[in-house]
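A short worksheet on the structure shown next.
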Amino acid sequence: QNDSWGKQYSHALFKAMSHMLCIGYGQQAPEGMTDVWLTMLSMIVGATCYAMFIGHATALIQSLDSSRRQYQEKYKQVEQYMSFHKLPGDTRQRIHEYYEHRYQGKMFDEENILGELSEPLKEEIINFNCRNLVANMPLFANADPNFVTAMLTKLRFEVFQPGDFIIREGTVGKKMYFIQHGVVSILTKGNKETKLSDGSYFGEICLLTRGRRTASVRADTYCRLYSLSVDNFNEVLEEYPMMRRAFETVAMDRLDRIGEERPLGPAQPPLCHGPSP
């Protein structure tokens with residue numbers, strides 16, 4: 001009690017911190033009921049503040065990378081699903097690799113994000129993301145920019161693993177595909193393979209003919225593709241009817257060139273794919 005002000009304040013601060021951090025009572029236990037109740041009160045306040053600090057710190061850390069946290073939570077559900085159904089080990093490994101390549105450790109609700117933006121912003125983002133595809137697609141070279149934008153908004157992102165058959169022979173063509181990254185092989189009945197890589201596309205003729213596929217397409221590497229369904233394709237053409245003739249002209253020209261390489265019998269359906277020129 002007779003020490004200097006600095007020492008008295010330091011002693012009081014040490015005792016208060018000891019109470020609030022719940023690590024002791026200072027140099028001695030409380031004496032008297034007043035000290036006991038003050039000590040309990042300070043311990044309760046301190047424990048509450050400590051819990052709030054830990055909670056806010058945890059929330060801050062999680063908010064720094066919310067997309068990765070969402071991916072981890074989603075993949076935990078996938079692991080539980082695989083365990084519940086007792087899937088074999090090789091299938092679990094393929095699912096794990098698919099998620100790694102499809103989402104790359106981050107998960108976004110892209111459809112919801114784009115849906116909340118204004119139309120000009122949404123179109124700007126879509127055009128930027130698909131700029132390489134548009135530049136490498138001859139069908140869009142001289143097309144109306146509004147038509148191109150309308151088509152791009154209908155694209156759907158897909159990922160295929162090595163060995164996956166993207167298109168199987170004999171099926172009805174309902175989609176065309178644009179290759180963002182990867183290599184695919186077009187397999188014909190004569191065991192002739194044609195390789196396609198970044199910037200190429202296939203399956204476009206079936207959007208117009210709706211014929212059956214006469215060849216299969218297999219992914220040789222991990223492939224990141226954009227698909228366009230025939231329904232979405234026709235929906236856009238209803239708004240731009242003049243573009244149908246342009247697509248039909250290009251498709252017929254490609255069918256003629258393919259027919260020269262592989263003659264088609266009268267009962268055979270038209271070939272529904274071809275490499276980019």
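A few points about this structure:
- Verdict on ALA29 being open to solvent by less than 80 Å² (accessible area, probe 1.4 Å) and in a loop (DSSP other than H, G, I, E, B): yes
- Number of the exception - ARG168 against (1) under 23 Å from THR209 (Cα atoms); (2) surrounded by 15 or more Cβ atoms within 10 Å (Cβ to Cβ): (2)
- Residue identified as aliphatic (A, V, I, L, M) and open to solvent by less than 70 Å² (accessible area, probe 1.4 Å) among ILE113, ILE125: ILE125
- The number of residues in segment 174-212 that are among the charged types (D, E, K, R), crowded, with 20+ Cβ neighbours inside 10 Å and modelled with pLDDT of 80 or more comes to 1.
- The set of residues in segment 70-117 that are in a loop (DSSP other than H, G, I, E, B), of a type outside the set (D, E, K, R) and at pLDDT 90 or above comprises HIS85, LEU87, PRO88.
- In segment 145-165, the residues that are buried (at least 16 other Cβ atoms within 10 Å of the Cβ) and without any contact (Cβ under 8 Å) to a residue 24 or more places away in the chain: VAL148
- GLN72, sole failed condition from (1) free of Cβ contacts under 8 Å to residues at least 12 places away in the same chain; (2) of a type in the set (S, T, N, Q); (3) open to solvent by less than 90 Å² (accessible area, probe 1.4 Å): (3)
- If you go through segment 213-235 and keep only what is surrounded by fewer than 16 Cβ atoms within 10 Å (Cβ to Cβ) and of a type in the set (Val, Ile, Thr), you end up with just THR221.
The values are calculated or read from the model by the stated rules, or taken from the named source; none is laboratory data. What you are looking at is a predicted structure, and each value in this text was computed from that prediction instead of being measured. Reconstructed Cβ throughout: ideal geometry from the backbone, glycine too, with neighbour counts over all protein chains shown. The protein model used for the area step is the full one, side chains on, heavy atoms only, and it has no ligands, DNA or RNA in it. Shrake-Rupley method; radii C 1.70, N 1.55, O 1.52, S 1.80 Å.
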